[in-house]
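The values are calculated or read from the model by the stated rules, or taken from the named source; none is laboratory data. What you see is a predicted model; the values in this text were computed from it and never measured. Neighbour counts are summed over all protein chains in view; Cβ atoms, including those assigned to glycine, are modelled from backbone coordinates with ideal geometry. Areas reflect the complete protein model, heavy atoms only, side chains present, ligands, DNA and RNA absent. Shrake-Rupley method; radii C 1.70, N 1.55, O 1.52, S 1.80 Å.
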Amino acid sequence: MRAIALISIAILISGCTSHHDYVSQYDFSSALLEDLPWEMGAPIVGNNTSFEYLDYVRTNHSDWNYVQYHIGRQMMDDLEYGTVVNDPADIVPQYDSVDSDSCRLVDGKLWHHLCITNGVVTTETDRRFQLEVVPIRYDDFNNDGYMDVLIHRFLPGSASPKGELVLSRKQPVGKFHVVEIGHSWFRRMEEETGVKPPDPKWE
C-alpha cells in the first residue's frame, strides 16, 4: 500500500510539473520588441493597404517579430494607396541590429515609433503611444506541455483595436509565438473572467 501511495504521489507531482514554463517568469512590462510576434501590432482597422499588408505578412512572413512588422508597415504607409509589395526586400529595410535598450516596452507600453539610424533600429524621440500589453492568465491552453499566457493588447487611435492573444515559447529565451485558440474557449473565458473574445480578424 505504501508503494502504491508513493507512486500515486509521484504521478500527481509529475502531472503538476509537466509543463515546460518559459513564459510565466518573463517580464512583459519591459518586453523586448524582438521577443514579441508580429501579430502584437497587426491592424484590424485601416485602409486597403493595411489589410493587404496584414495578409501578406501572414502568408509570407509568419516568423517575423514586432520590429520587422512595424518597420515594414511604416514603409507600406508611404506607398500609393492599395499597393501590394511582393518583394520582401522592399518591405523591410536591411538593418544590422536592434537597440535593445530603447526597443522595448516601458511599464508594459511602447511610447515611440521605430526608426533606423546608421543601420540600427532604435526609437524616435516623440512620445506617441503605440502598444500596451497586459498579461491576464497563465496556463497550458492548448495542452502541448508548454506554458502559455493570455495577453490583452491595446493599440492607439480612435478606432484602436483591443483584443486578446495567447502567446507561448518553447525555449527559455527568444521570440514568442501565437497559440491558436478557438472562439469557444474564449467564450468560456469571457464567462469566467469578463474578458471579451477577440475580433475574428485578429486570427
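Here's the yes/no breakdown for (1) modelled with pLDDT of 90 or more; (2) polar (S, T, N, Q); (3) open to solvent by 30 Å² or more (accessible area, probe 1.4 Å):
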site	(1), (2), (3)
Leu105	yes, no, no
Thr117	no, yes, yes
Arg127	no, no, yes
Gln130	no, yes, no
Asn142	no, yes, yes
Ala159	no, no, yes
Val166	yes, no, no
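Here is a check on your reading of the model: is Val134 at pLDDT 90 or above and crowded, with 18+ Cβ neighbours inside 10 Å? The answer is no for Val134. Answer yes if at least one residue in segment 49-58 is over 28 Å from Asn118 (Cα atoms), surrounded by fewer than 20 Cβ atoms within 10 Å (Cβ to Cβ) and at pLDDT 85 or above, and no otherwise. Among the residues of segment 49-58, at least one is over 28 Å from Asn118 (Cα atoms), surrounded by fewer than 20 Cβ atoms within 10 Å (Cβ to Cβ) and at pLDDT 85 or above, which makes the answer yes. On inspection, Gly174 passes the criterion of being open to solvent by less than 50 Å² (accessible area, probe 1.4 Å), modelled with pLDDT of 90 or more and not hydrophobic (A, V, I, L, M, F, W, C). Here the condition is being open to solvent by less than 40 Å² (accessible area, probe 1.4 Å) and at pLDDT 90 or above; of Asp27, Asp21, Asp35, it holds for Asp35 alone.
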